[in-house]
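> The following block contains the structure, expressed as structure tokens.
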Amino acid sequence: MRINYWFKLATLISLAFTTCLYADVKVGESSIDVDLRKFKVFKRENNQNIRSGIIKNSTQWVRSSENLLTPRVRFRVMIDNTPDVHIEYLDKKIIPTRNVHNTKEAEFYIDLFNPGRIKIYQGAELIETLSIDSVGKLTNKQSHLIDYSCSPYKLKVEGLDGKFLSVGCKHHLTGPLGKERNRIQVTWTSPNLTLKGGKTPPFTSFHKNSNPVYITLVDQYEKEYKVKIDMRVKEKYRRTKLALGLGPYEYKTTEGVVNDEVSEWGSAFMLYGRYDLFEHASLRAFEAIVANKSIFNNFGFYFAYTLAEVMDHRLNFTALLGAQTVSFRHKKDGDLKHSAILPQGFEISMRHVFGWENYNLVYGMFLSPQSEVEYDNIWLRFGKKVFGEINYISWGEKSKKAEMFGLSIGFPIY
């Protein structure tokens, strides 16, 4: 039975609605919760006219151009009985305004993992310096944010136990086409830790292999931290990827004669191929064949392009533009017939689902714009290198029809 197009449209609308709804919740997606009670404001001069603090429930996770995910919070400074006052923070000169209580007040965002110093001046005189630091003991699970972008490389950081830490990774290619090498840019930050010369985070290192990086950091009390960054990086980059899928499928075929349907179980063979052109585009091919007394073979070749990424790049919408061929034999003694069709499709993929690193959930569909050809191809895939896939394919042209549905297990072969 051919799946109703209204069902497909409803599926698309619901997925799009869910995507847009969730995309507005956070700028970035974090795997740790930051308890603002674990951060304290310190005053160097203990100026009694100055009060300050982090505003509750103001945390936003934001991602920098270096792919570093950090929490920013709104910070409030209130100043009593001090004329001609201004605040300097990073490269900003902030002029406080007077509130209803006749107190000067300013609110601005600070990076909680790299807060820096907040300096308050009366005219040209520095009257207070504020700093923010974490207090209390934390486990690494509570305090270490190693971004999903680093999960393919099994990145580990040693030497910063109990310290807040955020690490992000970016993949680059070096070398000529066909001989490319991987280069991973690792950017990271930790509150109030600097290099020995006083240089502040974020810090960046470039990894072309699995050799670790060692560095010594110091805190505001001159305590040293011996830091080691370890990760697994394959030196050679592979553009071509192949996977094989096998599993049981039920399939039905008919041709011409009423009540001439053949319904069988058979082993399905799936072959998936991909060649990466650049970051958001690839060439893809698939081969699906199921056979017993009847034979149904479906081959497709497509250009895939990522149209949108939301939810901090974890939800992707990809268009699939190309063509397919169908080979069909209704009965064992029948002729093998071939047909070219032009269904177009899309894929919606969710990375790191359920909080499981590198586990992806993919929903895809091909639809036929040709009125003389009925074609549905719908798949739901879950896994990482090894994956399970539920697939439904239905094809009909003139008096010939075929339908297959089943589960296959896929695994990489190249």
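The values are calculated or read from the model by the stated rules, or taken from the named source; none is laboratory data. Note that this is a predicted model, so its numbers are computed, not measured. Every residue, glycine among them, receives a Cβ derived from its backbone with ideal geometry; neighbour counts consider all protein chains shown. With ligands, DNA and RNA removed, areas are computed over all heavy atoms of the protein, side chains included. Shrake-Rupley method; radii C 1.70, N 1.55, O 1.52, S 1.80 Å.
> How high is the FRET efficiency between T194 and E372 when r is their beta carbon distance and R₀ equals 56 Å, given to the nearest 0.05?
Step by step, r from the Cβ atoms, then E = 0.20.
> Right, another one. Accessible area per residue for the chain in Å², computed with a 1.4 Å probe and the full protein assembly in place, what is it?
55 Å²
> List the lysines whose Cα sits under 30 Å from the Cα of K104, skipping any in the same chain fewer than 8 residues away.
K38, K40, K43, K56, K92, K93, K119
> Using 0.36 nm times the number of residues separating L177 and K385, minus their current alpha carbon distance, what extension gain do you get?
Taking 0.36 nm per residue and subtracting the Cα distance, the gain is 72.4 nm.
> Starting from the 7 Å offset along Cα-to-Cβ, what nm value, one decimal, do you get for the label separation of N209 and E125?
Placing both labels 7 Å beyond Cα along the Cβ direction yields 6.0 nm.
> Express in nm, to one decimal, how much length is gained between D80 and Y221 on full extension, taking 0.36 nm for each residue of separation and deducting their alpha carbon distance.
Full extension from D80 to Y221 adds 47.7 nm.
> With all pairs of different alpha carbon atoms counted, what Kirkwood hydrodynamic radius in Å does the range 86-157 show?
So the Kirkwood estimate lands at 15.6 Å.
> Pick the calculated P(r) over Cα pairs in 10 Å bins from 0, in percent for this structure from (i) 4, 17, 22, 18, 14, 11, 7, 4, 2, 0; (ii) 4, 20, 31, 28, 13, 3, 1, 0; (iii) 4, 17, 27, 28, 16, 5, 1, 0, 0?
(i)
> Run the reach check for K179 against aspartates and glutamates, Cα to Cα strictly under 12 Å, same-chain hits fewer than 8 apart removed. What comes back?
Of all the aspartates and glutamates, those that pass the test against K179 - Cα under 12 Å, at least 8 places apart if same chain - are E235.
> For the range 122-132, just list the computed ³J(HN,Hα) in residue order, Karplus coefficients 6.51, -1.76 and 1.60, θ = phi - 60°, integers in Hz, with x standing in for Gly and Pro.
10, x, 9, 8, 6, 10, 6, 10, 9, 9, 10
> If you line up the long axis of helix 5-23 against the longest principal axis of the chain, both from Cα atoms, how many degrees apart are they, to the nearest 10?
10 degrees
> In deg cm²/dmol, rounded to 500, what helix-only [θ] at 222 nm does the chain give when every DSSP H run of at least 4 residues adds -39500 (n - 2.57) and the total is split over its residues?
Rounded to the nearest 500, it is -1500 deg cm²/dmol.
> Quote the charge dipole size of the chain about the Cα centre in Debye, to the nearest 20; the model charges only the Cβ of Lys and Arg (+1) and of Asp and Glu (-1).
It comes to approximately 1080 debye.
> Moving on. What FRET efficiency would be calculated for the residue pair V100, T306, taking the C-beta separation as r and a Förster radius of 45 Å, to the nearest 0.05?
Once the sixth-power term is evaluated, E becomes 0.35.
> Please compute the length gained on full extension between L321 and V135, using 0.36 nm multiplied by the number of residues separating them and subtracting their Cα-Cα distance.
61.5 nm
> Let me ask something else. Where a Cα-Cα gap under 25 Å defines reach, which lysines qualify for K252, not counting those fewer than 8 residues away within the same chain?
Excluding near neighbours in sequence, the set is K8, K293, K331, K332, K337, K398, K400, K401.
> Same structure again: Relative contact order, percent, of the range 82-150 when contacts are C-alpha pairs under 8 Å separated by at least 6 residues?
Taking the mean separation of contacting Cα pairs over the length of the range 82-150, I get 27 percent.
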